[in-house]
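**Student:** Starting off with a structure, shown below.
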Amino acid sequence: MKEEMFMKMAVDIAYENVVTNGGGPFGAVVVKNGQIIGVGRNQVTTKKDPTAHAEIKAIRAASKYLNNNELKDCQLYTSCEPCPMCLGAIYWARLKVVYYGCTNKDSAKIGFDDEFIYKQIALPVDQRSIPMVRVVPPNTYQPFHAWVNKTNKKKY
């Protein structure tokens, strides 16, 4: 079964990442037509980058490989159920399907708990724990107007 083979690869990447001190216990691969086109491993602590999650790294690599921001005909295999940030990237990339191993509950048991983020997203902006303050200078809508009027834009 191909799904199991690719999932094993994602899990192997996660395991290797832990034993080589590469970062957290997460790995991912993006596959198109049975070929791996993107590989990612969690490198948040090693790269000092909070966005360096395995899924994000794999999506970036696959997008670069295909020279396209859309991965419509691709599958993502990830060693753990994606966090909210990665889930957003998955939807923006328009992946065809996501296969995952461990669940968010499993990752919470070892110190990677995303539940607070899900709760924050559900709150009105003015009730979130990190203050989000709207500031509206005179040019606020200028980029949006330019986009609407642009005739040669590439929609996404």
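The values are calculated or read from the model by the stated rules, or taken from the named source; none is laboratory data. Nothing here was measured: the structure is a model prediction, and the numbers come from that model. We place every Cβ from the backbone using ideal geometry, glycine too, and count neighbours over all the protein chains shown. In case anyone asks, the SASA skips ligands and DNA or RNA and just uses the protein heavy atoms, side chains included. Shrake-Rupley method; radii C 1.70, N 1.55, O 1.52, S 1.80 Å.
**Student:** Just the accessible area per residue of the chain, please: how many Å² with a 1.4 Å probe?
**Tutor:** 68 Å²
**Student:** Report, in degrees rounded to the nearest 10, the 0 to 90 angle that the Cα long axis of helix 2-19 makes with the longest principal axis of the chain.
**Tutor:** Taking the Cα atoms of the chain, the angle to 2-19 is about 90 degrees.
**Student:** Let me ask you something else. For a test of the definition: using alpha carbon positions, the gyration tensor, and the 1.5 limit on a/c, classify the stretch 19-92 as rounded, prolate or oblate. Write out the running numbers ahead of the final one.
**Tutor:** Details: a/c = 1.80, a/b = 1.59, b/c = 1.13.
Prolate is the answer for the stretch 19-92, as a/c is 1.5 or above and a/b outweighs b/c.
**Student:** With contacts defined as alpha carbon pairs under 8 Å and 6 or more residues apart, what's the relative contact order of the stretch 30-119 in percent?
**Tutor:** With pairs under 8 Å counted, the relative contact order is 24 percent.
**Student:** Which peptide among 117-127, 41-51 comes first, and what is the full order, when sorted by highest mean count of other Cβ atoms within 10 Å?
**Tutor:** On the way: 117-127: 10.3, 41-51: 15.6.
Top of the packing list down: 41-51, 117-127.
**Student:** Another question, if that's okay. Please list F116, F6 in order of solvent-accessible area, largest first, computed with a 1.4 Å probe with all protein chains present.
**Tutor:** So the residues, ranked largest to smallest area, are F116, F6.
**Student:** Radius of gyration and Dmax for the stretch 78-156's Cα atoms, expressed in Å?
**Tutor:** Here Rg and the maximum Cα pair distance are 18.1, 51 Å.
**Student:** How far is helix 84-93 tilted, in degrees, relative to the longest principal axis of the Cα atoms in the chain, given as a value from 0 to 90 rounded to the nearest 10?
**Tutor:** The angle comes out at about 80 degrees.
**Student:** Something else: Need one number: the % of Cα-Cα pairs in the stretch 65-123 sitting beyond the 13 Å mark. Before the final figure, lay out each step's value.
**Tutor:** Numbers: 1125 of 1711 pairs.
The share of Cα pairs beyond 13 Å in the stretch 65-123 comes to 66 percent.
**Student:** Where the accessible area of the chain is counted over protein heavy atoms with a 1.4 Å probe, how much of it, in %, is carbon and sulfur?
**Tutor:** 58 percent
**Student:** On full extension of the chain, what length is gained from R134 through L66, given 0.36 nm per residue of separation minus the C-alpha to C-alpha distance?
**Tutor:** 20.8 nm
**Student:** Write out the cysteines belonging to the chain for which the nearest other cysteine Cβ is not under 4.7 Å, or none if no such cysteine exists.
**Tutor:** By the Cβ distance rule, which asks for a partner under 4.7 Å, the isolated cysteines are C74, C83, C86.
**Student:** Filter K47/K72; K2/K96; K2/K154; K32/K64; K96/K155; K47/K96 down to the pairs with a C-alpha to C-alpha distance above 23 Å, please.
**Tutor:** K47/K72; K2/K154; K47/K96
**Student:** Something else about it: Explain nothing, just the number: relative contact order of the chain, from Cα pairs under 8 Å at least 6 residues apart, as a whole percent.
**Tutor:** Across the chain, relative contact order equals 16 percent.
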